[in-house]
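Quick notes on the structure that follows.
Since every read-out is calculated from the coordinates, none of them should be taken as a lab result. Just so it is clear, the structure is predicted and the values come from calculations on it, not from any experiment. Here Cβ is always computed from backbone atoms with ideal geometry, including for glycine, and neighbour counts include all displayed protein chains.
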Amino acid sequence: MDSRWWSHALFYQVYPRSFRDSDSDGVGDLDGVSAGLDYLESLGVDAIWLNPVMVSPMADHGYDVADPRDIDPLFGDLAAMDRLVEAAHARGIKVTMDLVPNHTSSAHPWFQAALAAAPGSAERERYIFRDGAGPDGSRPPNNWLSIFGGPAWTRVTEPDGSPGQWYLHLFDAEQPDLNWDNPEVFADLETTLRFWLDRGVDGFRIDVAHGMAKPPGLPDMPTAKPEMLLAEMDDDPRFNHDGVHDIHRAIRRVFDDYPCAVAIGEVWVYDSEQFSRYVRPDELHLGFNFRLVRADFDARDIRSAIENSLAAVDLVDAVPTWTLANHDVERPPTRYGGGTAGLARARAMALVMLALPGAVFLYNGEELGLPNVDDLPDEALQDPVWERSGHTRRGRDGCRIPMPWSGETPPFGFSDHPDTWLPMPPEWAALTVEKQLADPASTLAFYRRAIGLRRAREEFSGSAVEWLDSPTDVLVFHRSGGLVCVLNAGAVPIPLPEGEVLLASGPVLDGTLPPDTAAWLV
Ligand code: GLC
């Protein structure tokens, strides 16, 4: 088997709550994913990334893990996971899982034991407990903010009933940060890694891979900001502490016993040199670079995102990773302006992304051109961000709405239950898989063609990308295998470069490429 299968793979991110519901409770599950495998196979995906399905009270929809070596009953059980892995493998599709090493759930037995134990105990040493500031310890130990809003510290009541220490949580209070200076923490993670890899899982997406290591003394943040993305020359002490690289090296040593498995880090680090450290030969195989997600639909911005992402991996001879969407960011058609133009731009950007060398990640529903749903009623909101930000940030629910599969009314074949965990918009009747499969001009048909060409044509080979001269609002790049990709991000039609058009994201008439459109030529 090609042990570097991931270096050119198309990964499909399944948000399990929202992909397909097999047991009629209104929430997607593992047997639902298995039922969707024919669809994924015909789309041409090489691998699945499953968001967390381990035992969890679901305070952050699975990113609060109470038992990392079992499946949450909401999603099924270990047998359902085994069925999925087996059925995916039978179709040549790999399965990667989400791994959450930075924190556990507050319901994890370790954290419950820490609460029941005294300050300074071995139980507390697995997390980051500190005395509070001020004479009575009533202020948080430092000024760190939670990514979801509010302070990153919560005070506990000691077992004797007195006001007690504080514990660190970079996310929700139900997600206490682990103390990675404690060797027990890595030992347990290693057990978890081997548990799933031995069951046949093909790798992990590692959550908050630039977190975990905290600086000694936990110094204050110079600039108080909740968000997790680091900027150029960032001084945020919560993330990207040098010690994190020893953790990745230790993780990699485990992976080296499973030569075909892949470790993919969520790395919200902006600076190219800093980013490159995560994908050195003895650390992660792949790292999500979020520059392209952050780029506006602007030729200069897009080019700089691509150039920087390529430069970052070139520094250490690693493989680039591309993504336009995931369960944390606004869906592309909305991000690029919404309506017809937003969708046209999202399709154009898909061609840009799929033309680039390296691994590509598609997020479920991206292939249907789903927009964000921004008019969810307050009472439907589920993301902890809504509560923790004091109702100032609505959170990420709008990009997590269940997938519309078939029929004319919600829940569109996603479930047999009329009340899905997030409500589905009636106007998605036009966007179902069923409708789009029957329409050769649909966004789904377009993605299928694009993915098929990317798989089949030799012009998509080679790692070098060369930029060709173009007007300011236009991008043209040449892949060493022979593919030319042109994107018109301007306001007027442009003449197409020489060559045969393999595929375009919109109508190409009389040799011109309209605005908000991209094309592949050979
Ligand atoms: C990552 C996940 C996000 C989650 C957070 C805390 O950023 O992608 O969904 O809320 O980590 O685990």
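Taking just the alpha-carbon atoms of region 349-489, what radius of gyration and Dmax come out, in angstrom?
19.2, 54
Along region 488-502, what does the Karplus equation 6.51 cos²θ - 1.76 cosθ + 1.60 (θ = phi - 60°) give for ³J(HN,Hα), rounded to whole Hz, x for Gly and Pro?
Each residue's phi maps through the Karplus curve to give 9, 9, x, 9, 10, x, 10, x, 6, x, 4, x, 8, 6, 7 Hz.
Could you work out the Rg to Rh ratio of region 226-377, with Rh taken as the Kirkwood radius (inverse of the mean 1/r over all Cα pairs)?
That ratio is 0.99, to two decimals.
In the chain, what percentage of the DSSP-assigned beta bridges are antiparallel, given to the nearest 5? Each step should come with its number before you reach the end.
Values: 31 of 56 bridges.
Given both bridge residues lie in the chain, the antiparallel proportion sits at roughly 55 percent.
For region 351-426, state the average projected area of the convex hull of the C-alpha atoms over all orientations, rounded to one decimal in nm². Please report the intermediate quantities before stating the final value.
On the way: hull surface 27.6 nm².
Over all viewing directions, region 351-426 projects a mean Cα-hull area of 6.9 nm².
Arrange the peptides 349-358, 85-94 so that the one whose residues have, on average, the most other Cβ atoms within 10 Å appears first.
Details: 349-358: 23.3, 85-94: 16.2.
The peptides rank, most packed first, as 349-358, 85-94.
Please give the charge dipole size of region 442-522, origin at the Cα centre, charges +1 on K and R Cβ atoms and -1 on D and E Cβ atoms. Round to the nearest 20 debye.
Details: 6 positive and 9 negative charges, 101 e Å.
Its charge dipole is roughly 480 debye.
Kindly provide the Kirkwood hydrodynamic radius of region 86-159 in Å, to one decimal, from all pairs of distinct alpha carbon atoms. Don't jump to the answer; show the numbers that get you there.
Numbers: mean 1/r = 0.0653 Å⁻¹.
Result for region 86-159 stands at 15.3 Å.
Pick out, in residue order, every one of the GluC sites (Glu not before Pro) in region 187-295 that is DSSP loop and has at most 14 other C-beta atoms within 10 Å; say none if there are none.
Numbers: sites: GLU190, GLU227, GLU232, GLU266, GLU273, GLU283; in loops: GLU227, GLU232, GLU283.
Answer by residue number: GLU227, GLU232.
Going from the alpha-carbon gyration tensor of region 1-137, what semi-axes, largest first and in whole Å, does one get by taking the root of 5 times each eigenvalue?
On the way: eigenvalues 270, 59, 31 Å².
The three semi-axes for region 1-137 are 37, 17, 12 Å.
Can you pull a Stokes-Einstein diffusion coefficient for region 464-521 at 25 °C (0.890 mPa s), Rh from Kirkwood over Cα pairs, as a whole number of µm²/s? Working shown, then result.
Numbers: Rh = 11.3 Å.
Here the translational diffusion coefficient equals 218 µm²/s.
Using just the alpha carbons, could you tell me how many Å³ per residue the convex hull of the chain encloses? Show your work: numbers first, answer last.
Values: hull volume 75.5 nm³, N = 522.
Convex hull volume per residue, Cα atoms: 145 Å³.
Can you order the peptides 381-389, 481-489 by their average number of other Cβ atoms within 10 Å per residue, highest first? Don't skip to the answer; put the middle values down first.
Numbers: 381-389: 20.1, 481-489: 22.8.
Those peptides, ordered most packed to least, come out 481-489, 381-389.
Sorting check: for 360-367, 451-458, which peptide has the highest mean count of neighbouring beta carbons within 10 Å, and how do the rest follow?
Working: 360-367: 24.5, 451-458: 15.6.
Ranking, from highest mean packing down: 360-367, 451-458.
Dividing the alpha-carbon radius of gyration of region 108-213 by 2.2 N^0.38 Å (N being the number of residues), what value is obtained? Working shown, then result.
Values: Rg = 15.6 Å, N = 106, 2.2 N^0.38 = 12.9 Å.
Cα Rg divided by the expected 2.2 N^0.38 Å: 1.20.
Which residues in region 468-501 place their backbone N less than 17 Å from a point set 7 Å from the Cα of ALA341 along the Cα-to-Cβ direction?
Only 473-474, 488-494 fall inside the zone, counting backbone N under 17 Å.
Work out how far the C-alpha atoms of region 415-495 reach from end to end along every principal axis, then list the three figures in whole Å, largest first.
The Cα atoms of region 415-495 stretch 53, 33, 25 Å along their principal axes.
Work out how much length GLU458 to ALA438 would gain on full extension: take 0.36 nm times their residue separation and subtract the Cα-Cα distance, in nm to one decimal.
Values: separation 20, 0.36 × 20 = 7.20 nm, distance 2.89 nm.
Additional length available on full extension: 4.3 nm.
For the Cα atoms of the chain, what angle does the longest principal axis make with the long axis of helix 183-198, in degrees from 0 to 90, nearest 10?
Roughly 40 degrees between the two axes.
Would you mind getting me the FRET efficiency between GLU466 and ALA491? Use the beta-carbon distance for r and R0 = 25 Å, nearest 0.05. Numbers along the way, then the final one.
Working: r = 26 Å, r/R0 = 1.05.
The calculated FRET efficiency here is 0.40.
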